[in-house]
Amino acid sequence: MMSEFWIILTGALVASSCGFLGCFLILRRMAMLGDAISHAILPGIVIAFLLSGSRSTLPMLLGAAVFGLVCSVVIESLRKQGVQADAAMSVTFTALFSVGIILVSLFTRQVDLDLDCVLYGEIAYVPWDTWEIAGIDLGPRAVWAVGSVFLLSLVLITLFYKQFKICSFDPAMAAAIGIPVSLFHYLLMGMVSVTTVASFESVGAILVVAMLIVPAATAYLLTDRLNIMLILSIIMGTLSSVGGYVIAQQIDASIAGCMTIMAAFLFVLAFLFSPKHGVLTRWWIRRQLKMRLSGEKA
Amino acid sequence: MAIFQLVRSFFDDPNALWVISGTTLLGLCSGVLGCFAFLRKRGLMGDVLAHSTLPGICLAFMITGSKHPFFFLIGATLTGIAASLCIGWITRYSRIKEDTALGLVLSVFFGVGIVLLTQIQHSDNGNQSGLDKFLFGQSASMVASDVQVMGTVAVILLILCFLFFKELKLLCFDANFGRSLGFPMRGLDFMLMLFLVVAVVIGLQAAGVVLMAALLITPAAAARYWTERLEHMVLISAAMGAFSGILGTWISSVAYHLSTGPIIVISATSVFMLSMIFAPQRGLLAKWIRLMKIRKQVARENLFAWIYESCEGEGNESVSIHRLNHHPSLKKHKQMLHQLEKEGYLQLETGEDGKPSVIRLTEKGWETAYETVLYKRMLEVWLMHEGDLESDVHSEAITSKEQIPDRLIPELRQLLVRHGHEPKRYQVRSTPLKEGVPS
């Protein structure tokens, strides 16, 4: 019972912190940057592992954050050189990911990193990897890691809410009124990389991308206001975490994968039935309007 | 000698030849297709398609129960097409932008794939070992039959690209124009997508999911630096793709027995970086050299103008070099004075401390300085009277004296005199400027 609670809590924390940042990525049309960063941090993790020789979370977080920033700086400078954005992204993250894989295979004896684990993650093991200080069991390490990252981004976004908002909707105006746009860009990228790596162990690199994009996209379809969108994305993330766990129990499949499917299901619901932007809703409204118009004509 | 032996030992291995011909064909094919994807701004499409093949591969395995590559290819192609259709629908029927749709489809399809994969693992016939090989790519394990299948598909794709070259070109550069000519642009777009799916699917076994994305886009992005013409770009990109395939395979098989996919990507990225730096027109080095040349030219002109105007203002024949130290931008270019002295434009007179202290223009120097200042002031006057003067070119577009239209020169001279702004030194030997129509 307790382990179920921890798994769902971890999933919900991952989904909330990712969905939270994902809102800004979507609004700035950089959703794929999350994907790029989640691949590009691989060499950072391996190097941090080689240097520190342990699997503790902090060095890995640092290594990943550094490489996440390197990735976004390289993409940004390639774009300034005139390479189009999608190509810049593709070239950068595939190169960094390859470096990571080569490092893993070069130091395969020293590195006890399972590529499968990095890519898919295994949230089911979360409850057993607990954090103990002086013999007191403080609960799973993953919960602490993801929770503190979530708190960090929550604090940063609340503090600089106005700045992030203006930078997302109108970067030119933000620059005009004196907001350091690129600082906030890199701050966001840094948070994305830190969140990605903190979520790594539990849900794996590719499913972090799902949590970054899908709940935020669902929220984007449901509202036109940023603060509501942020709250909705957290709710969607939590819902998909709980629902995903239940499904996974029913069909005995990967928990993280089921959470993605649940998030996708919520997205499809919003896509069809969103009160303002849903496909079926719009069709229904149009039909009503047509009937009323033909009624008036008659 | 060592290298020669390495090459020989490489060719002694019969399977290595198959592997290398496979990766070469793959590089060639994805290089060509990548150009069109690149120009359609679909650089991330390869990544999405590659990820979305996972559920297809799993489904094929679950339905047929065999690990034959053919079924995998069919399944992967089907889900790849489904993914590209989903992206199209999401962007068309909702306000979600393309990048979000790409990420959404990528992660959801991959998530479904992982669920299916765990289902297979938990089921009784749980021998799924061949499946993840499809994800990370293991070209060393390719055998003759794999390469034959891959090669055939790649050649068919290349022929189709050649046949539809004109249509694809139209699609990449001006889809609306194509539609107005009556081409089925949506169908062509779908066809390109289909080509990409097939290319990704055949590449998966050799390069793996993530690295297939690189093979599609990196050679094309590199080729873009070298040319402005699509025909050349396609050829260059194909050559680069094939080259990285060969290089990557060779390094990985000879040097450290690393997995081939990442090495191929690293070689492609190196080719890209070399292109970015050394390409003749758009490369960083060429741009930097151009910038330096222009800077030097501008500094030279500013120096002439400064010397001339200093002499003009005070009525002197020479100007003290110390005043240059107070100039905000020109003080950085003091070495240029020695260069100009060597070329005979000016003389530097040595002061009491043995250092040059006074600049004196020679005859040739006066002439050049006069011309420079005249041009500069003409441009100023033109900018002031842009509305009154009739001209085909705009004053902003002028970068050298020769570009000022001949027709305007008399008028500009007249205006200069009217403003009292004409260069007042060194007129003795040239035509004096007077108000009224000059000859």
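What to note about this one:
- Total buried accessible area between A and B, probe 1.4 Å, nearest 100: 4600 Å².
- Per residue of chain A, the DSSP helices (runs of n ≥ 4 H) give a summed -39500 (n - 2.57) that works out to -27000 deg cm²/dmol at 222 nm.
- Centre separation in Å (Cα based) which lies between segment A:204-231 and segment B:390-408: 55 Å
- Residues of segment A:213-238 buried by at least 50 Å² of accessible area upon assembly of all protein chains, compared with the chain on its own (1.4 Å probe): A:Y220.
- Accessible area per residue for segment A:204-250 is 31 Å², calculated with a 1.4 Å probe on protein heavy atoms, without ligands, DNA or RNA.
- Interchain or long-range residues, amide H under 5 Å from B:Q347's placed H: B:R360, B:L361, B:T362
- Note, ³J(HN,Hα) from phi for segment B:328-334, Karplus 6.51, -1.76, 1.60, rounded to Hz, x at Gly and Pro: x, 10, 7, 5, 6, 10, 5
- Top of A:T195, A:T158, A:T260 by mean-square fluctuation, Gaussian network on chain A, Cα under 10 Å: A:T158
- Counts of other chain beta carbons within 10 angstrom of each beta carbon in peptide B:216-222 average 4.
- Computed over segment B:2-282, Kirkwood Rh from alpha-carbon pairs, angstrom: 19.3 Å
- The amide H of A:G139, built 1.01 Å from its N in the peptide plane, has A:W131 as neighbours under 5 Å, considering only residues 5 or more places off or on other chains.
- The relative contact order of segment B:286-361, computed from alpha carbon pairs under 8 Å that lie at least 6 residues apart in sequence, is 26 percent.
- Ratio Rg/Rh, restricted to chain A and using Cα atoms, in which Rh is the Kirkwood radius: 1.03
- Chain-alone versus full-assembly comparison, segment A:80-97, residues with accessible loss of at least 20 Å² (1.4 Å probe): A:Q81, A:V83, A:Q84, A:D86, A:A87, A:S90, A:V91, A:F93, A:T94, A:A95, A:F97
- Per-selection Rg to Rh, segment B:286-361 - Cα, Kirkwood hydrodynamic radius: 1.00
- Loop-located trypsin sites (Lys or Arg not before Pro) in segment B:243-298, at most 15 other Cβ atoms within 10 Å (DSSP): none
- For segment B:2-282, the solvent-accessible area of protein heavy atoms averages 40 Å² per residue (probe radius 1.4 Å; ligands and nucleic acids excluded).
- According to the Kirkwood relation over distinct C-alpha pairs, the hydrodynamic radius of segment B:273-324 is 13.4 Å.
- In segment B:82-103, the residues that give up 50 Å² or more of accessible area when the other protein chains are added, compared with the chain on its own (1.4 Å probe), are B:Y93, B:R95, B:I96, B:K97, B:D99, B:T100.
- Between segment B:277-294 and segment B:41-85, the Cα center-to-center distance that results, in Å: 43 Å
- Charge context of B:V373, other residues only, Cβ under 9 angstrom, K/R +1, D/E -1: 0
- Phi to ³J(HN,Hα) by Karplus 6.51 cos²θ - 1.76 cosθ + 1.60 over segment B:290-295, Hz, x for Gly, Pro: 4, 4, 4, 4, 5, 4
- For the protein assembly as shown, with all protein chains in place and a probe radius of 1.4 Å, 64% of the accessible heavy-atom surface sits on carbon or sulfur.
- Net charge dipole, segment B:286-361: roughly 780 debye, given to the nearest 20, about the Cα centre with Cβ charges of +1 for Lys and Arg and -1 for Asp and Glu.
- For chain B, the dipole from Cβ point charges (+1 on Lys and Arg, -1 on Asp and Glu) about the Cα centre works out to 280 debye, to the nearest 20.
- Span-like helix criteria (full DSSP H runs; alpha carbon extent of at least 18 Å along the helix axis; mean Kyte-Doolittle hydropathy of at least 1.6) are satisfied in chain A by A:2-27, A:85-106, A:141-159, A:205-222, A:255-273.
- Dipole axis of chain B (+1 Lys, Arg; -1 Asp, Glu on Cβ), positive-most option in B:L383, B:H394, B:T23: B:T23
- Rg ratio (alpha-carbon, reference 2.2 N^0.38 Å) - the protein assembly as shown: 1.20
- In percent, rounded to a whole number, the relative contact order of chain A is 29, using alpha-carbon pairs under 8 Å and six or more apart.
- Alpha-carbon centroids, segment A:1-69 and segment B:325-371: separation in whole Å: 61 Å
- Equivalent-ellipsoid semi-axes of segment A:143-281, from the Cα gyration tensor, Å, largest first: 28, 21, 11
The values are calculated or read from the model by the stated rules, or taken from the named source; none is laboratory data. For clarity, every value in this text was computed on a predicted model and none was experimentally measured. Here the Cβ is made from the backbone with ideal geometry for all residues, glycine too, and neighbour counts use every protein chain on show. Ligands, DNA and RNA are excluded from the accessible area calculation, which covers all protein heavy atoms including side chains. Shrake-Rupley method; radii C 1.70, N 1.55, O 1.52, S 1.80 Å.
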